[in-house]
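Structure first, then comments.
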Amino acid sequence: MIENVALVKCDSYDYDKVKAAVHKSIELMGGLDLYFTPGEKVLLKINLLSKKTPEEATTTHPAVVKALAEIFMEFGLSVVIGDSPGGPFDKSQVEPIYELSGMNQVAAETGAVLNKNYNAFEADNPNGFMLKKIAMVDMLNHVDKVVSVSKLKTHGMMTFTGAVKNLFGVIPGILKAEYHMKMPLKDDFANALIDICLRVNPVLSFMDGITAMEGAGPSAGNPRNLNVLISSASPFHLDKAACSIINLPFNHVPTIKNAAKRGLCSPDLSDINIIGDNIDLFKVDDFDIPIEMEVNPLTKGIFKPFWQLIFPLLVSRPVFDKDKCVGCGICKKNCPAKVIEIKNKIAGADLKNCIRCFCCQELCPFKAIEIKQSFLFGKITQSSGIQRSIFNIVANLFKSSK
């Protein structure tokens, strides 16, 4: 099925420009009456992640959230704004993030309601590929429909985070770590993200790509102006359009690759109809994208001794900057594998048992954790495409021997 993806140029977070871009996006997508009925309650599921200001390009920008809230409320909808960021899902963790990210101001100026329901429930998901039951935030039980409002960013573990992965934020707080621990392989984790997205079933998805994040995303990367607001009824097709803009091949993005395998989208652009501005207006060839090969540190079988020897030479690893680390313990608290310790107010990790989810880097408020590419893998990725393909085939053989 061909899905429309709307691209609208917006070159700043000037509120009038953002609201005009949001209006145009909605018109291109057929208007709100195609998706909503006045009187319904809608959750704007934004991306908050951690304590970051809008200028750091980690969180959905408040201007985008405000524009959506105002337009939705003008149509006659009730609007709830919410997310479950990293760390504990409670008042002490979430409400300071609302303040720093600008969401308190959005609520005050629009009359939209910030979610302050920190309860959770277990949702049945009988059609799930990886997850037959999903722990979810209770705010979902108190709205009629969900709209995903993501940020265009790179991601150390999953390469790219967008409309689909944004829905991982309905998993309550530190329970996210359990999902990482149970599914350390990228494809397994990607299928879990797809299960969650399908269960939430957002009626519309918007992506803030006005200022994106490249490099060490989703929190320690660098802002990069792309000047685009992207929207679609399909989060899978929206993510494909976004990846096309940043020149990221779909088979390098586990959520897109596995969505295509499951028949939720095609593995190429053949099922996307770009509407609005021409995609070539936004494309960049030099977007800084993290490179990480899929490997399994828990490999078993006849290859295990060799794999244990070569594994540290192949994979990227978290490196803790002693000059920036203050020993706050956030990385330790949120490490799914429980391999981080704080000694003399400096964090360090047992890399032998690290599952390479990079939650530590993602949630560090001081950007004190860098994901370092291995020397050997760096050499391989600089070699010819044929050499790299052979290497990946061999690596996958080792992985399948578990």
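With respect to being in the same structural domain as residue 195 (by TED's automatic domain parsing) and within 20 Å of the chain's Cα centre (by Cα), residue 111 falls outside the description.
Among the residues of region 112-122, is there at least one that is closer than 22 Å to residue 72 by Cα and touching a residue at least 60 places away in the same chain (Cβ under 8 Å)? Checking region 112-122: at least one residue is closer than 22 Å to residue 72 by Cα and touching a residue at least 60 places away in the same chain (Cβ under 8 Å). Of the residues making up region 123-135, those that are hydrophobic (A, V, I, L, M, F, W, C) and without any contact (Cβ under 8 Å) to a residue 40 or more places away in the chain number 0. Evaluated against (1) modelled with pLDDT of 80 or more; (2) surrounded by fewer than 12 Cβ atoms within 10 Å (Cβ to Cβ), residue 300 falls short on exactly one condition, (1).
Residue 223 meets the conditions (1) closer than 30 Å to residue 128 by Cα; (2) in contact (Cβ under 8 Å) with a residue 40 or more places away in the chain; (3) not basic (Lys, Arg) in every case but one. The failed one is (1).
Among the residues of region 258-279, just one is loosely packed, with under 15 Cβ neighbours inside 10 Å, among the small types (Gly, Ala, Ser) and more than 22 Å from the chain's Cα centre (by Cα), namely 270.
The residue list 20, 67 contains one member that is touching a residue at least 24 places away in the same chain (Cβ under 8 Å) and touching a helix residue (DSSP H, G or I) at 6+ places or on another chain (Cβ under 9 Å), which is 67. Residues that are under 15 Å from residue 325 (Cβ atoms) and part of a helix (DSSP H, G or I) within region 350-365 comprise 360, 361, 363, listed in sequence order.
For residue 215, the criteria (1) surrounded by fewer than 24 Cβ atoms within 10 Å (Cβ to Cβ); (2) out of contact with any Ser or Thr (no Cβ under 7 Å at 6 or more places or on another chain) hold in every case but one, which is (2).
Table: residues versus (1) at pLDDT below 80; (2) closer than 21 Å to residue 172 by Cα; (3) buried (at least 20 other Cβ atoms within 10 Å of the Cβ).
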{"residue": "327", "(1), (2), (3)": "no, no, no"}
{"residue": "333", "(1), (2), (3)": "no, yes, no"}
{"residue": "336", "(1), (2), (3)": "yes, yes, yes"}
{"residue": "346", "(1), (2), (3)": "no, no, no"}
{"residue": "352", "(1), (2), (3)": "yes, no, no"}
{"residue": "365", "(1), (2), (3)": "no, yes, no"}
{"residue": "373", "(1), (2), (3)": "yes, no, no"}
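In region 74-96, the qualifying residues are those that are of a type in the set (Gly, Ala, Ser) and over 30 Å from residue 361 (Cβ atoms), and the one that is surrounded by the most Cβ atoms within 10 Å (Cβ to Cβ) is 78. Answer yes if at least one residue in region 50-66 is over 18 Å from the mean Cα position of the chain (by Cα), surrounded by 17 or more Cβ atoms within 10 Å (Cβ to Cβ) and at negative phi, and no otherwise. Yes - at least one qualifying residue is present in region 50-66. Within the set 182, 133, 116, 165, the sole residue that is among the basic types (Lys, Arg) and buried (at least 17 other Cβ atoms within 10 Å of the Cβ) turns out to be 165.
The values are calculated or read from the model by the stated rules, or taken from the named source; none is laboratory data. Being a predicted model, the structure only gives us computed values, none of them experimental. Here Cβ is always computed from backbone atoms with ideal geometry, including for glycine, and neighbour counts include all displayed protein chains.
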